[in-house]
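Read through the structure below, which is laid out as structure tokens, and then see the notes.
The values are calculated or read from the model by the stated rules, or taken from the named source; none is laboratory data. This structure is a prediction, so every number in the text was calculated from the model and none was measured. Because the Cβ atoms are built from the backbone with ideal geometry, glycine has one as well, and the counts that use them run over all protein chains shown.
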Amino acid sequence: MAKVRMVHVPYKGGAASATDLIGGQIQVGFNTMPVAAPHIRAGKLKLLAVTEERRSSAFPDAPTVAEAGVPGYAMPVWYGLMAPAGTPREAIALLNREIERVLKDPEVRERFATLGVAPIGGAPVISTTGTKSLRGSNGIFEKSETLTASGPLAPMSSV
């Protein structure tokens with residue numbers, strides 16, 4: 001979209017890429033708010049923009065990528081809880097009820113907010129056939145044959 005040329009360096013996780021970014025082994029990176037937020041607050045990383053359609057409540061002064069000059073860009077991060085295919089529906093329903101209860105706890109919501117995460121919860125999404133795209137309010141999740149998605153937990157901004 002922006003016609004910027006970069007070399008993609010694959011990492012096994014956000015912590016490793018943040019460490020290399022802080023250490024100067026890479027010059028720019030995309031990461032999730034829970035990984036990046038502490039380093040941004042400590043002044044070790046500079047937040048250039050968030051990839052969501054809206055600004056982050058944790059860093060309201062940071063523009064979105066679209067606001068920073070790439071109109072139409074939005075790449076939200078979506079988290080979900082998964083269980084193996086074939087997990088009894090009763091077990092998924094119990095997990096979902098408990099997760100919904102926990103996500104309503106003010107302390108939990110505050111902790112998520114400090115990480116730039118907005119928990120939304122929701123009803124379980126159960127599928128048992130092949131690869132499907134599950135569309136949530138904030139993104140698309142690719143499901144393999146071996147996993148059952150049990151509902152979105154926390155879409156969030158990435159940096």
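When Ala58, Ala37 are checked against the criterion of being crowded, with 18+ Cβ neighbours inside 10 Å and either among the β-branched types (Val, Ile, Thr) or in a loop (DSSP other than H, G, I, E, B) (or both), Ala58 stands alone in meeting it.
Select from the stretch 72-100 the residues that are closer than 21 Å to Thr32 by Cα and at pLDDT 85 or above and write down the one among them that is farthest from the chain's Cα centre (by Cα). Taking the candidates together, the pick is Gly72. The set of residues from the stretch 101-139 being under 15 Å from Thr32 (Cβ atoms), modelled with pLDDT under 80 and not in a loop (DSSP other than H, G, I, E, B) comprises just one member, Gly139.
Of the residues Val77, Val35, Val65, the single one that is under 29 Å from Ala18 (Cα atoms), touching a Gly at 6+ places or on another chain (Cβ under 6 Å) and either β-branched (Val, Ile, Thr) or free of Cβ contacts under 8 Å to residues at least 24 places away in the same chain (or both) is Val35.
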